[in-house]
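Data first, discussion second: the structure below is written as structure tokens.
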Amino acid sequence: MMKEFEGRTEQDAIAKAIEELHIEREDFDVEIVEPVRKGLFKKSNVKIRIHFDEGNGLDNQMMYERPVLDVAQGDAPINSELEQKVIAFVATMIEKMGYESSVAVSFRKERKLGLNIDSENSSIIIGRKGKNLDAIQLLANVYAGQIDPDQKIVVDSENYRMRHEEQLIRMAFKTAEQVKKNGRSRLLEPMNPYERRLVHTALNDFGGVETKSEGEGLYKQIRISNKRDNGIPQM
């Protein structure tokens with residue numbers, strides 16, 4: 001499929017595409033339709049055309065998967081050349097970071113492979129708010145994409161992604177309770193599109209409050225406030 005987006009810069013237009021379609025950056029190709037042109041008084045916007053598979057939306061392509069196999073017991077044997085290469089790539093990456101680890105398959109799904117990193121230094125590998133883990137996952141997807149462009153890699157350690165999702169939802173409910181009790185709106189910390197969707201969905205049926213995304217770019221904040229009308233939460 002193709003769709004066009006416009007922004008002040010190419011990155012701004014790409015961010016709008018990710019936000020609207022709920023797909024990962026590696027899931028689409030970008031074509032510059034109209035580059036930025038400098039005028040006498042202002043610059044024109046840049047227009048891009050993105051090419052993507054219709055099945056790669058957030059509903060079908062969530063990157064935070066719960067494991068379906070018990071890696072600790074070795075119940076997930078390697079069954080393909082791609083798996084061996086990606087596991088070796090991630091293990092080598094962790095080794096070059098200076099840490100010992102064991103990398104194994106945690107789940108297999110159509111066009112998606114889950115890897116788990118087991119290490120005594122998991123807290124460092126995960127990083128603050130999962131940023132190190134996200135970086136490792138991004139590099140693993142870049143590498144896997146060179147072997148099979150349709151294969152997506154999910155990297156986790158100590159069930160961080162599931163725990164983070166649960167923690168995010170608990171925080172959303174707690175904040176909603178406070179808003180409902182004292183009547184003052186609360187602004188949550190900046191979140192990526194997937195995290196915001198989790199919060200919007202979790203509070204959709206929470207009586208008495210409403211949610212709205214505020215800000216620009218990929219990372220926005222969610223404002224939780226007393227419900228005044230039947231407005232639809234923004235994604």
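The values are calculated or read from the model by the stated rules, or taken from the named source; none is laboratory data. Since the structure is predicted, the reported quantities are computational estimates derived from the model, not experimental observations. Heads up, the Cβs are rebuilt from the backbone with ideal geometry, glycines too, and the neighbour counts pull from every protein chain shown.
Restricting to the range 150-168, give me the number of residues that are crowded, with 16+ Cβ neighbours inside 10 Å and of a type outside the set (Lys, Arg).
The number of residues fulfilling the criteria is 11.
Taking into account only those residues within the range 4-14 that are assigned to a helix (DSSP H, G or I) and touching a strand residue (DSSP E or B) at 6+ places or on another chain (Cβ under 7 Å), which is farthest from residue 216 (Cα to Cα)?
10
Tell me which residues, restricted to the range 221-235, are at pLDDT 90 or above and among the basic types (Lys, Arg).
Scanning the range 221-235 gives a single hit, 223.
Residue-wise test of (1) part of a helix (DSSP H, G or I); (2) more than 18 Å from the chain's Cα centre (by Cα).
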position	(1), (2)
136	yes, no
145	yes, no
153	no, no
163	yes, no
174	yes, yes
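Here are some residues: 80, 106, 101, 119. Which one is outside the structural domain of residue 192 (by TED's automatic domain parsing) and within 20 Å of the chain's Cα centre (by Cα)?
Criteria check complete, one pass: 106.
Only one residue in 222, 125 is surrounded by 14 or more Cβ atoms within 10 Å (Cβ to Cβ), in a helix (DSSP H, G or I) and outside the structural domain of residue 20 (by TED's automatic domain parsing). Which one?
After ruling out the rest, the residue left standing is 125.
Considering each of 87, 23 in turn, give the residue that is part of a loop (DSSP other than H, G, I, E, B), closer than 25 Å to residue 150 by Cβ and modelled with pLDDT of 70 or more.
Going through 87, 23 in turn, just one is part of a loop (DSSP other than H, G, I, E, B), closer than 25 Å to residue 150 by Cβ and modelled with pLDDT of 70 or more: 23.
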